[in-house]
Amino acid sequence: MVEPITQGVPRPRARMTGIVYLSYFLLAILGQLLVGHKFVAFGNATNVISAFCYAVLTLLFYFLFKPVSKGLSLLAALFSFAGCVVMTLGIFDLVPSSISPLLGFGPYCLLLGYLTFRSTFLPPILGILLALAGAGWLAFLFPTLAHYLTLYIEIVGIFAEASLMLWLIVMGVNVARWQKLASAA
């Protein structure tokens, strides 16, 4: 039986991944704005929807990078799902503040960066940027370090993730290289 991702054309799926990524970004920003302007219930609802979008994004990335390394793609997805769960529970104060979603999202970005770098169907620079973003997100787990680097970490992280998102929307993936990896896997 052929898996669903190999039945479709990878470029439209990559573009759909970019659109889901964009939806997550917009919803997360909207949720923070609503909470910041005292519309907490609406902001929390928006943040839950953005967490759901990120979970869907995680699945899309799993299938996109599965031909590169099934095991690492699965490990990355597990880290991301853990981050999504902590993020969602955190919205309702159901998780201690000492447990950060970045414990999941930092390693996720590192692994996604590695998979992107190794993929051959996406530019390696995107992988390097994502790995730097992942290391930066992990730096937030050390408040003293993050205090001095917050602006730089956020710039690199947002730039890296936005670059991947825009690349996927505009360019998609190199279909021939993706199919070559998928058939070899």
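Laboratory data are not the source of any read-out in this text; all were calculated from the coordinates shown. Note that the structure is predicted; figures quoted are calculated from it, not measured. Every residue, glycine among them, receives a Cβ derived from its backbone with ideal geometry; neighbour counts consider all protein chains shown.
Values as computed for the structure displayed
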quantity: Within region 150-169, tally of residues that are surrounded by fewer than 16 Cβ atoms within 10 Å (Cβ to Cβ) and either free of Cβ contacts under 8 Å to residues at least 60 places away in the same chain or among the hydroxyl-bearing types (Ser, Thr, Tyr) (or both); calculated: 7
quantity: Region 59-74 - residue that is surrounded by fewer than 16 Cβ atoms within 10 Å (Cβ to Cβ) and aliphatic (A, V, I, L, M) and, of those, farthest from Ile19 (Cα to Cα); calculated: Leu74
quantity: Residue within region 108-118 that is within 21 Å of Lys70 (Cβ to Cβ), over 14 Å from the mean Cα position of the chain (by Cα) and surrounded by 20 or more Cβ atoms within 10 Å (Cβ to Cβ) present; calculated: no
quantity: Extreme residue, surrounded by the fewest Cβ atoms within 10 Å (Cβ to Cβ), among residues of region 82-107 that are closer than 18 Å to Glu161 by Cβ and out of contact with any helix residue (DSSP H, G or I) (no Cβ under 6 Å at 6 or more places or on another chain); calculated: Leu103
quantity: Matching residues, region 65-84, being under 14 Å from the mean Cα position of the chain (by Cα) and farther than 18 Å from Ile128 by Cβ; calculated: Ser73, Leu74, Leu75, Ala77, Leu78, Phe79, Ser80, Phe81, Ala82, Gly83, Cys84
